[in-house]
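To start, the structure under review is shown below, and the notes come after it.
Any read-out appearing in this document is the output of simple, stated calculations on the displayed coordinates, not a laboratory observation. Fair warning: this is a prediction, and the values are worked out from it, not measured in the lab. Please note: Cβ atoms are built from the backbone with ideal geometry, for glycine as well, and neighbour counts cover all protein chains shown.
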Amino acid sequence: MSEISKIPMSGQTFANMKPPYFWEQSETCSGFILSPDCIWRQTEMNLVTFQPDVCANKTLAGCENLIAYARIVNQVEVVQTAIFQIATTLFTCFVLAVAFIVFSHDTQVHVIIPIKKVVAIIQKLAENPLKKPETPTQDEDTNQMKTKMLE
């Protein structure tokens with residue numbers, strides 16, 4: 001069986017063929033087993049096989065081992081998939097960073113500041129148990145929080 005080195009694009013004939021060809025065999029990437037000199041990685045090519053039905057069903061004798069195969073380069077799709085994965089990773093990092101900022105702000109407002117108030121009240125009661133402790137106003141709490149955030 002002979003190999004076809006080139007297949008013309010529509011409207012071309014073998015006589016007037018000029019690049020780019022619709023299909024051209026690569027000597028380093030042809031064959032069932034790839035050469036180490038092939039310019040594409042294994043993941044950048046798909047192996048497509050075809051066996052006629054009459055051979056697969058053993059209707060026609062002598063062609064049971066006849067299988068045609070071709071490697072199709074899908075480098076553009078592989079690169080595009082990689083770009084989408086990088087974009088997904090960056091988007092995830094952005095979402096996690098925003099969630100961290102929001103969560104830390106909420107933690108500061110709803111957990112840390114009230115605990116600090118309780119600790120301050122307990123310290124004032126420890127110093128003078130008979131005196132009524134004064135609780136800071138909402139404005140003082142907001143100013144304390146802004147001061148902590150700036151630090």
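Other residues whose C-beta falls under 9 angstrom from the C-beta of Q75 contribute a net charge of -1, scoring Lys and Arg +1 and Asp and Glu -1. Between I83 and A68, the contour length at 0.36 nm per residue exceeds the Cα-Cα span by 2.1 nm. Taking Cβ atoms as reference points and 15 Å as the exclusive limit, the residues near T49 contribute a net charge of -1, counting Lys and Arg as +1 and Asp and Glu as -1. Residues of segment 70-110 with an amide N closer than 20 Å to a point placed 7 Å from the Cα of V48 along the Cα-to-Cβ direction: 70-81. Placing R0 at 30 angstrom, the Cβ-Cβ distance between C55 and Q75 gives a FRET efficiency of 0.40 after rounding to 0.05. Ordering R41, R71 from the fewest to the most neighbouring beta carbons within 10 Å gives R41, R71. The gain in end-to-end length when the T107 to L130 segment is fully stretched comes to 5.0 nm, 0.36 nm per residue minus the alpha carbon separation.
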